[in-house]
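As structure tokens, the structure follows; a few thoughts come after it.
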């Protein structure tokens, strides 16, 4: 009588159990891939194929940076089974404690997945690589991956090329799955700025392995593999021979050289001294070498041309000449006398002996401080403005239009903006409407609070050479043999001074080299227009400054040289600039051997170990 209800209960229980199993299988197969992945990885292994990084050439096609094969030991944590830790550590040359620490670091790392490989030991030596190849079958879960590291053809241009280094946790987080622990990426210079262009795209290879991780062949004959895509090659705007000469001329000195092709904005040379050999950041010792360079008191890692703000000194008078004309307070015939300097009440700005009075061209040629103080006063105290603050703001806008006081947008990491003091800067010091031209008169001659980077100096020179415009300076000319696609590197940016005002100033700059303070830079047969400067340094000897362009008509090179604690501009900066100009325009730099030898042998770093730290670590 009761058999039917009992059967119904048993059937219900059986049905519920079956339904649970079906649902569980469905979840495992449709929604949870961990079991499938575990089953697959007993026989299937995913291997990353690293692409060759793009090569780097100079503007003339000379190879500067290439690749070299390296071997990294990687591990898939899920596949590590029955490992003989003692034998493994013996082959690798580490302790058991180091093994445990590394394994735990991988497990706790950003982006960790137990079924994906991670780098356990970077850049195996050849003997260790050979030993692992013999015993790899007994170290289940470990494999050797081949990838590329950088090699630098020359030991110069480090601040342009930059270097590559291991990714950080933040790099991994921001890469949307591209980077993993142990990967390398650009950390400075072109290697950093053009990382996505140079790095290429990784590929994936699926291989079948046995229980001892021995490769048995490709999975499905490579049907699901993806090929690695090599990074794109880059051609720099840099002239390697010019760059090399610049670094030789600045050896045992502290300073910068920036040379630009005015018509294109292409940087021909960018020298920062002291410097370092970029090959120091290649191989297993890159981390140790970095720390040595970082602690070097000479600061070889600091990119002076891009980031160091200096008072420009007398070269700023060229810009003052242009702004004065644009503001209508100055013309070629404007004459001012000089009685040993500029005098106003109790204020005196001294000047060196020279003929007086002078018109504009002559004032540029002899670099008269008094003349340009008068020009600055005429601009700032101009009655067409309601007050000095309004006039100063107009002056500020003019100077800013020459690329001063803000980043230019160069395609290198770490560009500084220099310092062009706004009117609010003086309001905070003196109070609003309580200051005028005499308060800030040192700006007239490129001193005071003004700070300009060497890149900005060279760019301002290019503006003068172009009679009013510049193109954003850049170091990459071609990508994959095609012009750099950045439209900013073809666009003319006009300064606020009209073209007709440049002629008289350029004539004065030619006089500087032909018969003035920059005579040492004169090259027979080449019309050079330049301006020497001696920038005051409150911390020691004055800085030597020179900027120039050549030839006068259809200029091919604009250059700025800044040598710290070197005295007059004509002593060091002008000769260095002249030799660089000669090299670029004629392909020679040894026609004035006396000048070349003096520059090469000059040692302005008065320490017994001057640049010793840098040179020692290079070897």
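Every number in this text was worked out from the coordinates using simple rules, so none of it is lab data. Computed from a prediction, not measured in an experiment: that's the story for all the values here. Cβ coordinates were reconstructed from backbone atoms using ideal geometry, including for glycine residues, and neighbour counts include every protein chain displayed.
Rounded, prolate or oblate: pick one for the stretch 463-516, where a ≥ b ≥ c are the square roots of the eigenvalues of its C-alpha gyration tensor, a/c under 1.5 means rounded, and failing that, prolate if a/b is larger than b/c, else oblate. Judged from the Cα gyration tensor, the stretch 463-516 comes out oblate (a/c at least 1.5, b/c at or above a/b). Potential lengthening of the chain between residue 428 and residue 359 amounts to 21.2 nm, from the contour at 0.36 nm per residue minus the alpha-carbon distance. Using alpha-carbon positions, what is the distance between the centroids of the stretch 107-183 and the stretch 62-102, in Å? Using only Cα atoms to place each centre, the spacing works out to 10 Å. For the pair residue 597 and residue 135, label points projected 7 Å from Cα toward Cβ lie 6.1 nm apart. Here the simple spin-label model places points 7 Å from the Cα toward Cβ, and for residue 291 and residue 174 these points are separated by 2.5 nm. Of 281, 14, 419, the sequence from fewest to most neighbouring Cβ atoms within 10 angstrom is 14, 419, 281. Averaging 1/r across all pairs of distinct Cα atoms in the stretch 382-468 and inverting the result yields a Kirkwood radius of 14.2 Å. Remark: the residue 66-residue 449 segment gains 133.5 nm on full extension, using 0.36 nm per residue and subtracting the alpha carbon distance. Sorted ascending by nearby beta carbons within 10 Å, beginning with the fewest, 572, 395, 494, 435 become 494, 435, 395, 572.
For the stretch 240-618, the calculated P(r) over all alpha carbon pairs, in 10 Å bins from 0 to the bin holding the longest distance, is 5, 24, 33, 24, 10, 3, 0 percent. Computed across the stretch 381-532, the Kirkwood hydrodynamic radius from all distinct Cα-Cα pairs reaches 17.9 Å. Which log10 I(q)/I(0) values, to two decimals, does the stretch 249-397 give at q = 0.16, 0.18 Å⁻¹ under the Debye formula with one point per Cα? Normalising to I(0) and taking log10 leaves -0.96, -1.08.
Dividing the Cα radius of gyration of the stretch 476-560 by 2.2 N^0.38 Å, with N the residue count, gives 1.43. Please identify which residues in the stretch 281-309 have an amide N closer than 15 Å to a label point set 7 Å out from the Cα of residue 105, following the Cα→Cβ vector. Label zone hits: 284-288. Between residue 498 and residue 84, the C-beta separation translates, for a Förster distance of 60 Å, into a calculated FRET efficiency of about 0.15. For the stretch 240-618, what does the relative contact order come out to in percent, with C-alpha contacts under 8 Å and a separation of six or more? With pairs under 8 Å counted, the relative contact order is 23 percent.
Given R₀ = 45 Å, FRET efficiency for residue 348-residue 588 by Cβ-Cβ distance, to 0.05? The computed FRET efficiency comes out at 0.45. Compute the long axis of helix 573-586 from its Cα atoms, compare it with the longest principal axis of the Cα atoms of the chain, and write down the angle in degrees, 0 to 90, nearest 10. In the chain, helix 573-586 runs at an angle near 70 degrees to the longest axis. The angle separating the long axis of helix 316-326 from the principal Cα axis of greatest extent in the chain is about 70 degrees.
Is the stretch 418-475 rounded, prolate or oblate when judged by the Cα gyration tensor, a ≥ b ≥ c being the square roots of its eigenvalues, rounded requiring a/c under 1.5 and prolate requiring a/b larger than b/c? Prolate. Exposure proxy for 208, 604: other Cβ atoms within 10 Å of each Cβ, ordered fewest to most, give 208, 604. For the chain, the longest principal axis of the Cα atoms and the long axis of helix 96-108 meet at an angle of about 80 degrees.
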